[in-house]
1. Condition test on residue 173, is it surrounded by 15 or more Cβ atoms within 10 Å (Cβ to Cβ) and more than 16 Å from the ligand (Cβ to nearest atom)?
2. Residues that are touching a Cys at 6+ places or on another chain (Cβ under 9 Å), more than 15 Å from the ligand (Cβ to nearest atom) and farther than 18 Å from residue 134 by Cβ: does the stretch 176-197 have at least one?
3. Among (1) within 16 Å of the ligand (Cβ to nearest atom); (2) within 29 Å of residue 100 (Cα to Cα); (3) polar (S, T, N, Q), which single condition is residue 282 missing?
4. Go through (1) within 19 Å of residue 239 (Cα to Cα); (2) crowded, with 23+ Cβ neighbours inside 10 Å one by one and return the number of the condition residue 188 breaks.
5. Scan (1) within 16 Å of the ligand (Cβ to nearest atom); (2) among the charged types (D, E, K, R); (3) touching a Phe, Trp or Tyr at 6+ places or on another chain (Cβ under 8 Å) for the single condition residue 246 breaks and write down its number.
6. Could you name every one of the helices (runs of 4 or more DSSP H) located completely within the stretch 1-70 that has at least 3 residues being within 12 Å of the ligand (Cβ to nearest atom) and crowded, with 16+ Cβ neighbours inside 10 Å?
7. Among the candidates 217, 212, which residue alone is surrounded by fewer than 19 Cβ atoms within 10 Å (Cβ to Cβ), within 20 Å of the chain's Cα centre (by Cα) and within 15 Å of the ligand (Cβ to nearest atom)?
8. Looking at this structure, is residue 271 more than 22 Å from residue 184 (Cβ to Cβ), within 16 Å of the ligand (Cβ to nearest atom) and out of contact with any strand residue (DSSP E or B) (no Cβ under 9 Å at 6 or more places or on another chain)?
Amino acid sequence: HEEALLQEFQARIEAGEKIEPRDWMPERYRRQLIRMMSQHAHSEVVGMLPEGNWITRAPTLRRKLALLAKVQDEAGHGLYLYSATETLGVDRYQLIQDLLEGRAKYSNIFNYPTLTWADVGVIGWFVDGAAIVNQTMLAKTSYGPYSRAMIRICKEEAFHKRQGYEICVTLARGTPEQRQMLQDAINRWWWPTLMMFGPPDDQSPNSAELLRWKVKRKTNDELRQHFVNITVPQVLALGMTVPDPELRYDEKTGNWIFGPIDWDEFWRVIRGHGPCNRERLQARRKAHEEGAWVREAVQAYARKRQQQASP
Ligand code: FAQ
């Protein structure tokens, strides 16, 4: 019986149908989606911290408004993604507990510090740019609630990327010090951004299964190459350089070929030993504790409504 269900499930995937929460699905498909979507939700929420750090120091009111809106969008993305994950039968409080207790992963990229204002520009441009490349594909993922969340999130990320690139354009047209500050931020964020796409395909244990189920539609290396191809010309257009002595354009394939990525650094960071992992989790724990009264108030209100509804 299970075998027949599996075959029917795979046939639906092959036919390009979306899988919805009440549909039969293999337990492994459910577990993989919970893993990926909860990591994604945590990344959005932890991802508010590096830029949030600059809201009070934005150089103009206009920059401050845009940054505030961007960081708020990320909170919203975290909320849709926790809700979408809950359709798979898990409870967001458990997922959040896993994050706070250091059991859950979130994107490597949010464990690096934001040292200058140029970092805010480069995060919007590189990090949101990488997120768009990854998530435009995930908008075609086989799980309905995830795919629909991605469509809306991508629209918002497109605005994030533009606000970031515009900051960088302004700095690139500025004083030598501003140009230097921009180049320094590009140098620090380039390699960790390439790592966001995950380990190389031959070291990516989850890819084969996720591709078969059309959860992923492209491999880590394919998306990484696509990001490099669109981003290198943008760096050059600003008169800046990419911190990779081996970078070269390959006429035959139309790809920008890049040098080796330091995967030891990647594994170190995602196992909890990056420059800011402790600080990020501490900030999340503090925010969670300080938000306890809101959760209590919401629950008390829900109880009161329930009592009123059933006299
Ligand atoms: N960071 O077998 P694979 C954003 C782990 S964008 C940390 O290749 P998979 C927007 C992976 O979990 C960022 N860990 O895994 C924003 C696995 O470990 P596990 C969030 C990583 O799933 C912008 C192990 O390595 N986006 O937030 C990373 O097939 C600006 C082996 O890897 C998403 O989460 C990494 N970068 O492919 C917000 C997108 N890469 O779980 C604020 C959804 C890999 O077995 C400001 N996720 N690992 O213990 C995905 O597309 C996929 O999960 C990948 C990884 C591509 C990230």
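1. Criteria not met by residue 173.
2. Within the stretch 176-197 (the criterion being touching a Cys at 6+ places or on another chain (Cβ under 9 Å), more than 15 Å from the ligand (Cβ to nearest atom) and farther than 18 Å from residue 134 by Cβ), the answer is yes, since at least one residue qualifies.
3. It fails just one condition, (1).
4. Every condition holds for residue 188 apart from (2).
5. It is condition (1) that residue 246 fails.
6. Those helices (runs of 4 or more DSSP H) span 27-46, 48-52.
7. On inspection, the qualifying residue turns out to be 217.
8. It is true that residue 271 is more than 22 Å from residue 184 (Cβ to Cβ), within 16 Å of the ligand (Cβ to nearest atom) and out of contact with any strand residue (DSSP E or B) (no Cβ under 9 Å at 6 or more places or on another chain).
Each value in this text was obtained by applying a stated rule to the coordinates, not by laboratory testing. Just so it is clear, the model here is predicted, and its values are computed rather than measured. In this analysis, Cβ positions are derived from the backbone assuming ideal geometry, glycine residues included, and neighbour counts consider all displayed protein chains.
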